[in-house]
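Scroll down for the structure; my scribbles are underneath it.
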Amino acid sequence: CGAACASRRWARPHLRIPGRGCLSRGSACPAAYTMRMISFRNFALRRGERLLLSDVDLALHAGYRVGVVGRNGAGKSSLFAALMGEVEPDRGDIDLPGKARIASVSQETPHLPDPAIDFVLSGDAAVHAAIQAEANAFAAEDWEAVAEAHQRLEEVNGYDGTARAGRLLHGLGFPAETHEKPVADFSGGWRVRLNVARALMTPSDLLLLDEPTNHLDLDAVVWMEEWLKRYDGTLLVISHDREFLDNVTTHTLHLHEGKAKLYVGNYTDFERQRAEHLRQQQIAHQKEQAERAHLQSFIDRFKAKASKAKQAQSRMKRLAKLAGTEAVRAERSLHITLPEPLKLPNSLLSLHDVEAGYGADAVILHNVNFGLEAGDRIGLLGPNGAGKSTLVKTLVGELAPMTGERKAHPDMRIGYFAQHTVESLVFGTTPLDHLRKLAPDVANQELRDFLGRWNFPGDRAFEVIDTFSGGEKARLALALIAYRRPNVMLLDEPTNHLDLDMREALAEALSDFDGAIVMVSHDRHLIGLVCDEYWRVAGGKVEPFDGDLDEYAAWLRSRPGSDNPKTPAPKAQPAIAAVPAKPVSKVNPHKLQKAEALVADLEAKLAGIDSQLADPKVYGNAVRVAELGREQVALRGRLDTAEADLLALYD
């Protein structure tokens, strides 16, 4: 098939054989199979007695990157389970091409003695098997088997498999010295990252990611965004990180009150379109209600009059035919408040020439000078393992400085949310039980009123927390911190498991907080709304970062050792090793600008075709569907060629 191979990654020539697809030295090229579309037809899904989704009819086309959003319990994770065949639809069908390869993040990591890099590499079963076969053949000194293994490695493009697995680990924050560390030695959060890396390593046509940014730091989130933007399969991702969704997704699937509606655009585009849709719905409802009132008034006045009976009958028929547009029901918005601090001294906390760590052989931070005053709002940036949590623990007093001095005002009161705070909640007890321990002499009603303001109203205050979701437990932990009325909030990843509504409510509450805030979070939307000053923790140092979060993300992409943004992510077959691009200064600027403009124009036209094909109404016109299909194929071919020409400018 020449240079326009769908994957644009195979250097050697291809041969298209009728009936057999695209071949290269006997092995299947990524162009041999391309998943076209996922269709839901009259789809309904039930979990237990509860109907989660019903009457879902929509199509997801190849290459869509879809953010799946909706309130907790709307059915997002259940939809993923249905796509993976783990649950059966209650009614209707999911039309998923039989050859489609699905990759997803496992919820559990076995307690394995295997090195981390081998665990990730095993995500690509073909490459892993070929490497194992080669190793076994060498061990047995079976040279014929060695030759066969080499042939197989070439067929599956597996010679760089270990390098690709290493790049995934590096991008997700694993230092090089941990790549050979046994999987069993990693903590729970790091094992989640290993599962993510293994899913990204798996050749797939459909990638399902459920909250992939939980347990990631901001550096790893930025890296993952770049990887996913280059993934050329179909992506469905559940996330409560709106900045992540805005940067990655091309479409948004909103699950609400048992329905599913597909919007073109990222999360911000979805919010704008949905607001306009609700506005128009309310206008239509009000107009219809006015017409109903007018018709009913005429009927009531004249139905008994013989001269007007025919007209009254006509209006009764008209009244019966009105569509019945529903009024817009205001969704309950969550609003929380942080009580005012009991006292608010100006200078609250400071570190002077501090060395922080876990012993003489584990010094993490050197010569730290850091101070907090009332009103300070500081976001800590830097990769996991660099010392952000160590700094927070030193500020809290959980870690004593190894050298230097920690000074705290006598009236300072700290509210500390750590990554293990949720785990410290006591199973078998209720939210009211937890609050009662903090305030044994306060009346029950006052405590219940407080819990109600944190969305634990009525009998929810008496429910045992064992059945609570991760988000509900995190919300309860934050409520317990707020009840102490702190004047310093030290928050280490407070948003894990919180949904979008709770994150917005927390951002508003923290914005109105008069005390000092130090926050570690991978949620750029939250940290951007709350913090106005950033400090970078890396290389054993704690230093102010002169810039905003966008500038920090740009710095991460440009720093030495970051993945080349021009390197494509793997789809059906592994990518070849990344080749650093030449500096743009050596490229003809006019040619580069012209090539980029052509690619952008073709992408925009293709997006327009895709949006039309996403509309179920178009399938009532078979001729139009055929025309759009031909245009789509032609545009993709032109885009493949244009992208290849653009990439060639960097060679």
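In segment 360-425, counting only strands (runs of 3 or more DSSP E) that sit wholly within it, the ones holding 3 or more residues that are out of contact with any Leu (no Cβ under 6 Å at 6 or more places or on another chain) span 363-373, 377-381, 403-408. In the set (1) open to solvent by less than 50 Å² (accessible area, probe 1.4 Å); (2) within 18 Å of Leu236 (Cα to Cα); (3) modelled with pLDDT of 90 or more; (4) not polar (S, T, N, Q), the condition left unmet by Ile102 is number (1).
Against the test of being farther than 30 Å from Asp217 by Cβ and without any contact (Cβ under 8 Å) to a residue 60 or more places away in the chain, the options Ala126, Ala147 yield a single qualifying residue, Ala147.
If you go through segment 38-58 and keep only what is in contact with a Ser or Thr (Cβ under 8 Å, 6 or more places away or on another chain), open to solvent by 10 Å² or more (accessible area, probe 1.4 Å) and within 29 Å of Tyr231 (Cα to Cα), you end up with just Leu58.
Suppose we keep only residues that are of a type in the set (Gly, Ala, Ser) and open to solvent by 30 Å² or more (accessible area, probe 1.4 Å) within segment 123-144. Which one would you say is nearest to the chain's Cα centre (by Cα)? The qualifying residue nearest to the chain's Cα centre (by Cα) is Ala125. Say we look at segment 191-213 and pick out the residues that are more than 25 Å from Ala129 (Cα to Cα) and open to solvent by 10 Å² or more (accessible area, probe 1.4 Å); which of these is nearest to the chain's Cα centre (by Cα)? The selected residue is Glu211.
Among the residues of segment 243-262 satisfying the criterion of being touching a helix residue (DSSP H, G or I) at 6+ places or on another chain (Cβ under 7 Å) and open to solvent by 30 Å² or more (accessible area, probe 1.4 Å), which is nearest to Glu226 (Cα to Cα)? The selected residue is Asn247.
Taking (1) open to solvent by 70 Å² or more (accessible area, probe 1.4 Å); (2) at pLDDT below 90 in turn, Val328 satisfies each apart from (1).
Of the residues Leu491, Leu480, Leu510, the single one that is farther than 22 Å from Gly70 by Cβ, aliphatic (A, V, I, L, M) and part of a strand (DSSP E or B) is Leu491. Residues that are under 24 Å from Leu381 (Cβ atoms), free of Cβ contacts under 8 Å to residues at least 60 places away in the same chain and either among the aliphatic types (A, V, I, L, M) or open to solvent by 40 Å² or more (accessible area, probe 1.4 Å) (or both) do occur in segment 173-185. State whether one or more residues within segment 112-121 are buried (at least 18 other Cβ atoms within 10 Å of the Cβ), over 21 Å from Lys181 (Cα atoms), at pLDDT 90 or above and among the aliphatic types (A, V, I, L, M). Scanning segment 112-121, I find no residue that is buried (at least 18 other Cβ atoms within 10 Å of the Cβ), over 21 Å from Lys181 (Cα atoms), at pLDDT 90 or above and among the aliphatic types (A, V, I, L, M), so the answer is no. None of Lys393, Lys473 is open to solvent by 20 Å² or more (accessible area, probe 1.4 Å), farther than 30 Å from Gly73 by Cα and not hydroxyl-bearing (Ser, Thr, Tyr) except Lys393. Among the residues of segment 345-368, those identified as over 30 Å from Gly171 (Cα atoms) and surrounded by fewer than 20 Cβ atoms within 10 Å (Cβ to Cβ) are Pro345, Asn346, Ser347, Ser350, His352, Asp353. Six or more apart or on different chains, Cβ atoms under 6 Å: show the pairs whose first residue is in segment 260-278 and free of Cβ contacts under 8 Å to residues at least 40 places away in the same chain and whose second is in a strand (DSSP E or B) and of a type in the set (Val, Ile, Thr). Between residues of segment 260-278 that are free of Cβ contacts under 8 Å to residues at least 40 places away in the same chain and residues that are in a strand (DSSP E or B) and of a type in the set (Val, Ile, Thr), the close pairs are Tyr263/Thr252.
Just one of the listed residues (Asp219, Asp232) is of a type outside the set (S, T, N, Q), touching a Pro at 6+ places or on another chain (Cβ under 9 Å), open to solvent by 10 Å² or more (accessible area, probe 1.4 Å) and closer than 25 Å to Ser389 by Cβ, and it is Asp219.
Would you point out the residue of segment 174-212, among those that are in a loop (DSSP other than H, G, I, E, B) and in contact with a Leu (Cβ under 7 Å, 6 or more places away or on another chain), that is modelled with the highest pLDDT? Going through the qualifying residues, I end up with His179. The condition of being of a type in the set (A, V, I, L, M), modelled with pLDDT of 90 or more and open to solvent by 40 Å² or more (accessible area, probe 1.4 Å) holds for only one of Leu438, Leu399, that being Leu438. Scanning segment 443-470 for residues that are open to solvent by 50 Å² or more (accessible area, probe 1.4 Å) and touching a residue at least 12 places away in the same chain (Cβ under 8 Å), which turns out farthest from His215 (Cα to Cα)? Residue satisfying both the conditions and the ranking: Asn444. Which condition breaks for Ala600 when tested against (1) modelled with pLDDT under 80; (2) closer than 30 Å to Ser39 by Cα? Of the numbered conditions (1) modelled with pLDDT under 80; (2) closer than 30 Å to Ser39 by Cα, the odd one out for Ala600 is (1). Among what's in segment 520-532 and is touching an Asp or Glu at 6+ places or on another chain (Cβ under 7 Å) and not β-branched (Val, Ile, Thr), pick the residue that is surrounded by the most Cβ atoms within 10 Å (Cβ to Cβ). If we take residues in segment 520-532 being touching an Asp or Glu at 6+ places or on another chain (Cβ under 7 Å) and not β-branched (Val, Ile, Thr), then Asp523 is surrounded by the most Cβ atoms within 10 Å (Cβ to Cβ).
The values are calculated or read from the model by the stated rules, or taken from the named source; none is laboratory data. Values in this document were obtained by computation on a predicted structure and should not be read as measured data. Every residue, glycine as well, gets a Cβ built from its backbone with ideal geometry; the counts of neighbours run over all protein chains shown. To get the accessible areas, we keep the full protein, side chains included, count just its heavy atoms, and leave off ligands, DNA and RNA. Shrake-Rupley method; radii C 1.70, N 1.55, O 1.52, S 1.80 Å.
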